[in-house]
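The values are calculated or read from the model by the stated rules, or taken from the named source; none is laboratory data. Everything numeric in this text was worked out from a predicted model, so none of it was measured. Counting neighbours? That spans all protein chains shown, and the Cβs are built from the backbone with ideal geometry, glycine included.
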């Protein structure tokens, strides 16, 4: 059968951004033909024994409780499982001195669905026919933002400024407030903190400045906090979640060991939460309740907030330190390579300034020596202008073993050095 897809059908059924790369990676790993690959591309969190045990224990408690039948054998509220909402309200009010009520919280089937709801409820064409933009205040950022809008032309991203330290081979992206524009034509603003893929953490002042620019136009600011405190607390630098009247704090439980259960959490203004809940009711009625039920137990017990900085954060922070040290040792010091400052998340981000080949070509060459990374160019959704920097970056996962990271980075360094050398010879 060859169904005639609609315009939206064609758009939503196509592989875009990093998903097209991941398809190639999957096929490469499956057709290895005896070649062993070091996979530095994975976005799946590592299954940490103590974290897995927490979820096993919470499952045993659920199975033994009178709630089990109500959780699994009944439909629920479109807003989410009430005990989980209550647990979040209680925890965040106590932890951050907030005054949240149950209507300030929405549970979704993963945070990606939350951004889809928001992008299409707030962005795109208004009832008067005006295009409302979805603004990414700095790029690169999460590649998934590129597919959330049913009106692709609504998405717009702004180039950042770069803080570069040539001595340490480090750099950091910062919002360029001289260029960032938020007006009555803006539908919403979205950014991740800590950032996937770069590990960048916007400062509290930068977050408040963005929120302040949006406030006069009643524009919601969605902060993608999938890696932030209190769980999974995958921040390697000090940071505090920022809340405000026009801020929608968006969380995920994927990186605390529940990616298969698809649990997203939104905290914000009652009217915005209500609109997104209605969107969700039309989309899928409500998210799965099993994962919500065990998450409520993990939060209420205090174990989730305790295990995050004690087990999850140190695991990835040590991986980044190992990658950073290996890169400093293996990469030629005279080449213009820069590692983004490691401030959080589960990835490292490498910029190869004036790289004589594209990121995609480098990706292909690395596969030839058994190393799989992710080219950086899919992480610039919404960027309208040409920027050579976009084709000079790689995302490197911190989920591999120590040995794989060391060997993978050593091989990467050799291929990078050869690329610059070949260019110099041909010139």
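Descriptive notes on the structure:
- For residue 56, the test of being within 27 Å of the chain's Cα centre (by Cα) and either surrounded by 15 or more Cβ atoms within 10 Å (Cβ to Cβ) or over 16 Å from residue 243 (Cα atoms) (or both) is passed.
- Cβ pairs under 9 Å, 6+ apart, first in region 374-396 and in the same structural domain as residue 161 (by TED's automatic domain parsing), second part of a loop (DSSP other than H, G, I, E, B) and at pLDDT 95 or above: none
- Taking the listed residues 106, 84, 100, the one that is assigned to a helix (DSSP H, G or I) and either more than 16 Å from residue 249 (Cα to Cα) or in contact with a helix residue (DSSP H, G or I) (Cβ under 6 Å, 6 or more places away or on another chain) (or both) is 84, with no other qualifying.
- Checking region 44-60 against the condition returns no match, with no residue being within 30 Å of residue 411 (Cα to Cα), assigned by TED's automatic domain parsing to the domain that holds residue 320 and at pLDDT below 90.
- In region 384-398, of all residues being part of a loop (DSSP other than H, G, I, E, B) and crowded, with 19+ Cβ neighbours inside 10 Å, the one that is farthest from the chain's Cα centre (by Cα) corresponds to 392.
- Count of residues meeting criterion [assigned to a helix (DSSP H, G or I), closer than 26 Å to residue 241 by Cβ and in contact (Cβ under 8 Å) with a residue 40 or more places away in the chain] in region 299-349: 16
- For region 309-318, the criterion of being within 27 Å of residue 260 (Cβ to Cβ) and crowded, with 22+ Cβ neighbours inside 10 Å is satisfied by at least one residue.
- If you go through region 350-383 and keep only what is in a helix (DSSP H, G or I), under 19 Å from the mean Cα position of the chain (by Cα) and surrounded by fewer than 24 Cβ atoms within 10 Å (Cβ to Cβ), you end up with 377, 378.
- Whichever residue in region 114-146 is assigned to a loop (DSSP other than H, G, I, E, B) and in contact with a helix residue (DSSP H, G or I) (Cβ under 6 Å, 6 or more places away or on another chain) and, among such residues, is surrounded by the most Cβ atoms within 10 Å (Cβ to Cβ): 140
- Restricting 204, 212, 163 to those that are touching a residue at least 12 places away in the same chain (Cβ under 8 Å) and surrounded by fewer than 23 Cβ atoms within 10 Å (Cβ to Cβ) reduces the list to 204.
- Residue 305 being modelled with pLDDT of 95 or more and surrounded by fewer than 20 Cβ atoms within 10 Å (Cβ to Cβ): yes
- The set of residues from region 197-228 being in a loop (DSSP other than H, G, I, E, B) and either more than 29 Å from residue 19 (Cβ to Cβ) or modelled with pLDDT under 95 (or both) comprises 203, 218.
- Screening residue 149 with (1) crowded, with 23+ Cβ neighbours inside 10 Å; (2) part of a helix (DSSP H, G or I) gives one miss only, at (2).
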